[in-house]
Amino acid sequence: MPRDSEKENMHIRLVGLNARFTHSCLALFCVRNELEKYCSLAEVVIFQGTVNDGYYETLLRVTEGGPDALFFSAAIWNSELVRRLVGDCRRLLPQVVLVVGGPQAGEIAAGLPAGCCTIVRGEIEAVGQGFYDDLLQGRLQPLYAGSFLRLPHRSLAFPYRDEDFVRHLRHRHIYYESSRGCPFSCSYCLSAAERGVWHKDLDQVCAELGEILRHRPRVVRFVDRTFNDNPDRALAIWEFLVPRGGETLFHFEIAPDRFNEETFDFLAQVPPGMFQFEIGIQSTNDDTLAAIDRRIDPLQARELVRRLAAAANIHLHVDLILGLPHETGEAFLKSFADVFAMEAHYIQMGLLKLLPDTPIRHEAEAHSYLFCAEPPYSVLANRWLTHGELADLYWFCECVEKFHNNRFFVSLWRYLRHSDEDIAGFFQGLLAVCREHGFFGLAATQELMCSLLSRHCAGRTDEGLISDLLRYDWLRCGHRLLPPFLALEAGRESPGATKDRLYQTMPAEHGGVYGRGEKNHFFRKAVFLRLSSEAAGMLGLAVSGDGIDLCFSAERDDSLFRFNRVVDC
């Protein structure tokens, strides 16, 4: 409880510097809860900026009005900016109280003069009464620490208020925490320091989510490290969200080995685009998984992701990490091929970051790790990969990121999966084409990427089929004209000729396509293509003869990618 010696009208500003405007900083709202619990007379205000804002303007806004105390949330993406701000705030406001918390707090303090700021290590809910007494009495110590998971009595209050959704969270993602801790102890992760998971009461979770949904947010991102560590609890929350979620997108980090049949049955009925799952695979190499203490079965994970992908209603992100122990270049490419076969929509391949206070950082010398000296401490080389080899794999990952992780070439990737293509070899060849044409210094438009794919596939025995798949994907992404590099081969009916022929033969009304009196409007807006029978068969379209007539309407379908609707004419 607040003490009698509490300063009246103490002005405390909480500072969060996000990676982009659409993000928000959950930590600030949690800190506000605790400050107002113990410092009830203090005025606590929240300031959110981004790492892309001008530095001088950010400094002016942080120090405006001469606050009594500044609290900074320090993470891997903003630590350098926070360090600069803390140093300049100390010079500009010599009497201000400076407190830094978050995963990078200790590293920031190490780069500043002794006594410049106070560090909070661990969760704000666990620092104890003494921290607030010292704050109010002007005697803060250099370091405070606490562990939420070790508290004898644990609870988390709802972090948000109605006015937050108008003032601080408008047009931003809402971050929500239904559990704290992680059941895994992966050696590259800060969560490895503590085992165990604490769950909020399910009734409290549903009540708080109901409050959030009243404000119709665009995105709610659950920050739970493993949302489905308790499958029954996860299902109960999903069952609560689906009938109430409206147009909101919900993002979850899930473990691939914690699903049951009841969960699969329910998820198959989720409206397309409402849920997004991030699934951490990291590697499919057994030696690597053992070395990082990542307890998953890659085969089980593959079947899970494939089963979810087959339902075609949940956007699936799968993660790989480049630079893990025991993973050679060949082993990494195999991990990529294994993950590509899972049919996820997005393959996120990031560099290993050797974060301070993680087991893998402590093992860096044993594994001959070379890594960047400043955040985010990205790997440069290790015992299994020279720097040159790792650099080549980095650009390989960038190539996959640009070409695979969008809606531009979905049919091509499906074909390559089903034809048992050496997909790592395919992307290595595509990377060579990209480098030859300076792709990574250019805007990654669909037209440019499609032209490079067309060049890469020239001369293949299936070049004609691939060209038709590229045409199909091009038109259902909303383009009205084929680019020159996708021009139809000699002897093929042009889109204009197909349109004229179909206008003469199609009836005055076509059920499910256009009604009576709407034919002219439909033909003005639509684009037509006669597709080869081989391509149509690969796409699962019923075909007889040498091809099929397709219409690409101006309307969008209800798929995850919101393609233009395709009609078999």
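Rule-based calculations on the coordinates, nothing more; no lab input. Just so you know, these numbers come straight off a predicted model, no measurement behind them. Cβ coordinates were reconstructed from backbone atoms using ideal geometry, including for glycine residues, and neighbour counts include every protein chain displayed.
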Net charge dipole size for segment 215-266 [Lys, Arg +1 and Asp, Glu -1 on Cβ; Debye, nearest 20]: 440
Quick one: 3J(HN,Hα) in Hz for segment 553-564, Karplus 6.51/-1.76/1.60 with θ = phi - 60°, rounded, Gly and Pro as x. 7, 7, 7, 8, 7, 9, 6, 4, 8, 6, 5, 5
Of 202-213, 445-456, ordering from highest average Cβ density within 10 Å down gives 445-456, 202-213
Loop-resident trypsin sites (Lys or Arg not before Pro) in segment 465-569 with no more than 15 other Cβ atoms inside 10 Å, DSSP not H/G/I/E/B, are R480, R516, R562
Roughly how big is segment 475-527's charge dipole about its Cα centre, with Cβ charges of +1 (Lys, Arg) and -1 (Asp, Glu), in debye to the nearest 20? 160
From the backbone phi of segment 247-254, what are the Karplus-calculated ³J(HN,Hα) couplings (6.51 cos²θ - 1.76 cosθ + 1.60, θ = phi - 60°) in whole Hz, Gly and Pro given as x? 8, 6, 9, 10, 10, 9, 9, 10
Only Lys, Arg, Asp and Glu count, each charged at its Cβ (+1, +1, -1, -1), so figure out the dipole size of the chain about its Cα centre, rounded to 20 debye. 1340
If you plug each phi of segment 450-466 into the Karplus form 6.51 cos²θ - 1.76 cosθ + 1.60 with θ = phi - 60°, what whole-Hz ³J(HN,Hα) values come out, in order, with x for Gly and Pro? 5, 5, 5, 4, 4, 4, 4, 8, 4, x, 6, 5, 9, 4, x, 4, 4
Only one of the listed values, (1) 33.1, 107; (2) 35.7, 122; (3) 27.4, 91, was derived from the coordinates as Rg and Dmax of the Cα atoms in Å; which label is it? (3)
For segment 456-568, average projected area of the Cα convex hull in nm²: 7.8
Per-residue ellipticity at 222 nm attributable to helices in the chain (runs of n ≥ 4 DSSP H, -39500 (n - 2.57) apiece, nearest 500 deg cm²/dmol) works out to -11000 deg cm²/dmol
Which loop-located GluC sites (Glu not before Pro) does segment 323-409 contain, where loop means any DSSP state but H, G, I, E or B and the Cβ has at most 12 other Cβ atoms within 10 Å? E365
Cross-link partners of K519 among lysines (Cα-Cα below 28 Å; sequence separation of 8 or more within a chain): K499
Most to least packed among 32-43, 151-162 [average Cβ atoms within 10 Å]: 32-43, 151-162
Quick query: amide H of L320 versus all other amide H atoms, modeled in the peptide plane; which residues come in under 5 Å with a sequence gap of 5 or more or a different chain? Q282, Q348, M349, G350
Cα to Cα, under 28 Å, and not fewer than 8 places away if on the same chain: which lysines meet these conditions relative to K334? K353, K402
Scaled radius of gyration (Cα, divided by 2.2 N^0.38 Å) that segment 185-282 gives: 1.11
Run through the DSSP bridge list for the chain and note the antiparallel percent, rounded to the nearest 5. 30
Can you tell me the relative contact order of segment 11-150? Whole percent, Cα pairs under 8 Å, sequence separation 6 or more. 22
